[in-house]
Each structure stands twice: as C-alpha cells, then as structure tokens.
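S.K.: Okay, handing you the structure first.
The values are calculated or read from the model by the stated rules, or taken from the named source; none is laboratory data. As the structure is a prediction and not an experimental result, all values here were calculated from the model. Note: ideal-geometry Cβ built from the backbone for every residue, glycine included; neighbour counts use all protein chains shown.
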Amino acid sequence: MRITAIRATPVAVPYRTIETWAFGRRSGMVSVLVELETDEGLVGLGECATYPSTGIVLSVLDSLKGLVVGADPFRVERLVQRIDVVGTWHHVKATSPAIAAVETACWDIVGKASGQPLVNLFGGRFRDSVEYFYYVASPDIDAVADEGRRAAAAGFRTCYLKVGSERIETDVARVAALREGAGPDMSIRADANEAWSAGAAIRAVRAMEEYGLELVEQPVSGRNLTQMAYVRGRIDTPLLANEASWTRYDQLSVIQHGAADVLSVDNQMDGGLLNLKRSAGIAAAAGMTVLKHSLGELGVALAAATHVIAATPNFRHANQAYGALLTDDITVGFGGGAENYRSGHLPVPDGPGLGVELDRDRVERYAELYRTKGDAEFTFHHPQALTSAPALPKF
C-alpha cells in the first residue's frame, strides 16, 4: 500500500462562549482536517490545531508531500523519522501539529486495514472511557459561577479556568466563584500560562488554596526550571508543567530538575501518537502521572488521543478538551459539545482505526465558514491585544 495524496481542509467551528486567556481571546476554533489517500482506496484521517497559525500548518503540510506521497503508511516510524531527519523538521517545534496529523492519518489507515481500533494497536484497553475536564472560559465572575453549576449538573468532575489577569485578587475571586458554583466535590485546575514571577505565584496559589485546587498549571516561566522547582517546594498544590513540557526532551528536563508533580503531554506539540505514548512512559519511569494538553481540537484529533490515553495507565487526571465550548463538530457521534460527554467521560470508539466518520455536510459548512471569516475571527486576538505589547511576568 502507498500514500498517493494529502488533502488539507481548514475548518472553523464557533464556540458557545468566548475563550479568554492572559493575552487574547477567540470566539471559535480553527483546525485543519488532513486526509491521506492510498492506492488501495483507504483514506486515513488526521487533524491538527492551527498552531502557531493556519498558514504555517498548511505550508508545512505542502512541504511534506515529497516525503509522504509514495510512502508505505504501515511504516509509521520510518516515515516520521524521514520527516524529522531528511526533512530536518525535528529542529522546529512549530511544525509538530502538521506532522502529528499525518502520523495520526497513517495510524487510521493501519487500523482500518487490520480491522482493529487504535486502542488495540497501542497496548489494548486499560480503561473503557477517558475523562476530560470542563473548560470555564469566561473571565466574568458571575459567569464563572454559572459555568461551575453547569459543569456539576452535567456530571463533570474537574473544572479548568484561566488565571493570570491584571490583578491577583481578580483571579482569587474567580476561583472562589467557581468553587461556589461547582460545589465542594469539584476538582479545580487553575492555569496561569506563565503570568507570574516566583514570588507572585507563591502568593497567588496560597490565596487560592483556601478554595481547594487540584493542580496549578504553569504558574511561572516554563523556560526556568529552577524557578519552577523553587515554587513547587513552597506551595501545597501540585504543580502541573505545560509550556515547560511540550516535547519528550522538555519533559525529561522537567523531571531532572524536580520542577513539577504532573506533566502535561501533547501528541500535537510532539509530532504524533507514538510520542504521546512515549511521553507517558518517560513520566511513568519517574513515578509521575500525566494528562493530555489540548491546543483545541475537534472529533478526529480527540478520538485519536482517546485511543492512546485509554491504553496508557498513568493518565490519572481529567484531560484537556474543548467540549464545554464547542457548538458542533465535524464527526458523526463523537466529540462535539459537553452534552455528548457522560460524567465528563468519552467512550473509546469501537470501529477500526480512529473509529470516527466525517459528516461531509458539516465539513463543507465549516470549511466555508473558515473561507468567509477565517483567522480574523477565530484566532487568539482582539483589538486591544493587537495594539498592545504585553510582557511576562505580569507581577
């Protein structure tokens, strides 16, 4: 079997509420759907977030054609190594999501050809469903409390919210509102996206700990692991590495520095599903748990990660997903909005390969939305952010 073509289709799916973080906001998600065609009629599906931009992802995919077309999709390791070494892509992290989408599509072909779901190819089911968090995206304190109530009513067990606003007191008030709305049993995860200095991080986290935190995510710069280790030793809440741990090589450094309690791992940021499994193995050898990071994904990429997580023991926390924000999806019966989750869990698809099917009408609808509104509406920007010059840390 040989790969004969790569098809790339950007799609834009709106959110039900605006996503806001320390330096930007967006009202929907753009992903690139990747389809690998073969000379035997099988088509493999992949998907990647448009990180750092749609244009870069599409350019990378176009540049990969000479390395991918004509290759045997069963020889996944050989193909990825060829991309990394011959294509020299291992030097540039921004290319990883596009490469990951190609690798995922190869696995989809392998699963379809062998009649096996991906979970069986990655070790078999350790669990039958995978837990994801509820993303509380609004910065408004009243809305935060309402979202906490919505999450609890839907059966989610973990809520995630962004902190790192212009005042630490605002962040503390938002955490308090989420606790009030979600109730005493909800786990709360706070993500600062590197917004704080060491001293500010310690002060902020200690103030939030009154309301109970499951994890605090990347409170300080991910480039200073000594500082992360310093903060970790002075707070009671476990520290989750994210910007510090986007690749296996970064994760190894975090472990060596004792800079985190939990590692955020990401198949898109590290070039594929095999590397997601490897990341978890590195952490397991160090006696650490992991959870999956998300740059934003629809049902294809979500299904791919769900298979690998289900086959890997040390994914012990709720993983990142965008179900709480999405109004729709491009797949049939998988992913989409929070109403499709069961107590915060998604079942592992049973069908061969990824086990998901595209809804072609919705693919075309959201491809047209991308063509008409595109990156101008669905990227992490707003007028104030485009004219400002933010600096980190904030405090």
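S.K.: Look through the stretch 103-134, keep the residues that are within 30 Å of Ala177 (Cβ to Cβ) and in a strand (DSSP E or B), and return whichever of them is farthest from the chain's Cα centre (by Cα). Outline the logic, then answer.
M.R.: Of the residues in the stretch 103-134, the ones within 30 Å of Ala177 (Cβ to Cβ) are 129-134.
Filter again for in a strand (DSSP E or B), leaving 129-132, 134.
Details: Ser129: 17, Val130: 14, Glu131: 13, Tyr132: 11, Tyr134: 13 Å.
Checking each candidate, the answer is Ser129.
S.K.: Now for a different question. With respect to Thr226, is the statement that it is touching a helix residue (DSSP H, G or I) at 6+ places or on another chain (Cβ under 7 Å), at pLDDT 95 or above and either assigned to a strand (DSSP E or B) or over 26 Å from Glu169 (Cα atoms) (or both) true? Steps first, please.
M.R.: Numbers: touching a helix residue (DSSP H, G or I) at 6+ places or on another chain (Cβ under 7 Å): yes; at pLDDT 95 or above: yes; either assigned to a strand (DSSP E or B) or over 26 Å from Glu169 (Cα atoms) (or both): yes.
In short, yes.
S.K.: Would you check which residues across the stretch 88-147 are modelled with pLDDT of 95 or more, among the hydroxyl-bearing types (Ser, Thr, Tyr) and surrounded by fewer than 21 Cβ atoms within 10 Å (Cβ to Cβ) and list them?
M.R.: Ser114, Ser129
S.K.: I would also like to ask the following. Among the residues of the stretch 349-366, are any farther than 22 Å from Leu240 by Cβ, among the small types (Gly, Ala, Ser) and under 22 Å from the mean Cα position of the chain (by Cα)?
M.R.: First, the residues of the stretch 349-366 that are farther than 22 Å from Leu240 by Cβ: 349-366.
Narrowing the set further to residues that are among the small types (Gly, Ala, Ser) leaves 351, 353, 355.
Filter once more, so that each one left must be under 22 Å from the mean Cα position of the chain (by Cα): 353, 355.
Yes; the residues of the stretch 349-366 include at least one that is farther than 22 Å from Leu240 by Cβ, among the small types (Gly, Ala, Ser) and under 22 Å from the mean Cα position of the chain (by Cα).
S.K.: Then there is this: When Ala201 is evaluated against the numbered criteria (1) in contact with a strand residue (DSSP E or B) (Cβ under 9 Å, 6 or more places away or on another chain); (2) crowded, with 24+ Cβ neighbours inside 10 Å; (3) not in a helix (DSSP H, G or I), which criterion, by number, is the only one it fails?
M.R.: Every listed condition holds for Ala201 apart from (3).
S.K.: Please work out which residue is nearest to Asp146 (Cα to Cα), limiting yourself to the stretch 173-188 and to residues that are in contact with a Lys or Arg (Cβ under 8 Å, 6 or more places away or on another chain) and surrounded by 15 or more Cβ atoms within 10 Å (Cβ to Cβ).
M.R.: Applying the filter and picking the extreme gives Gly181.
S.K.: Say we look at the stretch 1-31 and pick out the residues that are among the small types (Gly, Ala, Ser) and over 18 Å from Gly271 (Cβ atoms); which of these is surrounded by the most Cβ atoms within 10 Å (Cβ to Cβ)? Explain how you work it out, then say what you get.
M.R.: As a first pass, look at the stretch 1-31 and keep what is among the small types (Gly, Ala, Ser): 5, 8, 12, 22, 24, 27-28, 31.
Pick out the ones that are also over 18 Å from Gly271 (Cβ atoms) and you get 5, 12, 22, 24, 27-28.
Working: Ala5: 13, Ala12: 25, Ala22: 18, Gly24: 15, Ser27: 17, Gly28: 22.
Checked the stretch 1-31; the qualifying residue surrounded by the most Cβ atoms within 10 Å (Cβ to Cβ) is Ala12.
Quick grid of which residues meet (1) surrounded by fewer than 24 Cβ atoms within 10 Å (Cβ to Cβ); (2) in contact (Cβ under 8 Å) with a residue 24 or more places away in the chain; (3) hydrophobic (A, V, I, L, M, F, W, C):
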{"residue": "Met288", "(1), (2), (3)": "yes, yes, yes"}
{"residue": "Leu291", "(1), (2), (3)": "no, yes, yes"}
{"residue": "Glu297", "(1), (2), (3)": "no, yes, no"}
{"residue": "Ala304", "(1), (2), (3)": "no, yes, yes"}
{"residue": "His307", "(1), (2), (3)": "no, yes, no"}
{"residue": "Arg316", "(1), (2), (3)": "yes, yes, no"}
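S.K.: Consider Thr226 carefully, then state whether it is free of Cβ contacts under 8 Å to residues at least 60 places away in the same chain, on the phi < 0 side of the Ramachandran plot and among the polar types (S, T, N, Q). It would help to see each step written out before you state the result.
M.R.: Working: free of Cβ contacts under 8 Å to residues at least 60 places away in the same chain: yes; on the phi < 0 side of the Ramachandran plot: yes; among the polar types (S, T, N, Q): yes.
Criteria met by Thr226.
S.K.: While we're on this one: Tell me the residue from Ala229, Ala259 that is hydrophobic (A, V, I, L, M, F, W, C), touching a strand residue (DSSP E or B) at 6+ places or on another chain (Cβ under 7 Å) and either under 26 Å from Glu166 (Cα atoms) or surrounded by fewer than 23 Cβ atoms within 10 Å (Cβ to Cβ) (or both), please.
M.R.: Just a single option satisfies the conditions, and that option is Ala259.
S.K.: Turning to a different aspect of this structure: Where residues in the stretch 135-169 are among the acidic types (Asp, Glu) and assigned to a loop (DSSP other than H, G, I, E, B), which of them is farthest from Gly199 (Cα to Cα)?
M.R.: Within the stretch 135-169, the match that is farthest from Gly199 (Cα to Cα) is Asp140.
S.K.: Ok, one more. Kindly indicate whether any position in the stretch 298-308 is within 20 Å of Leu369 (Cβ to Cβ) and in a loop (DSSP other than H, G, I, E, B).
M.R.: Narrowing the stretch 298-308 to residues within 20 Å of Leu369 (Cβ to Cβ): 298-302.
The next check asks that each one be in a loop (DSSP other than H, G, I, E, B); those that pass are 298.
Scanning the stretch 298-308, I find at least one residue that is within 20 Å of Leu369 (Cβ to Cβ) and in a loop (DSSP other than H, G, I, E, B), so the answer is yes.
S.K.: Scanning the stretch 32-52 for residues that are within 20 Å of Ala301 (Cα to Cα) and out of contact with any strand residue (DSSP E or B) (no Cβ under 9 Å at 6 or more places or on another chain), which turns out surrounded by the fewest Cβ atoms within 10 Å (Cβ to Cβ)?
M.R.: Here the residue is Pro52.
S.K.: Next up: Quick one: Thr379 ticks every box in (1) at pLDDT 95 or above; (2) within 19 Å of Gln268 (Cβ to Cβ); (3) not in a helix (DSSP H, G or I) bar one, so which box is it?
M.R.: (1)
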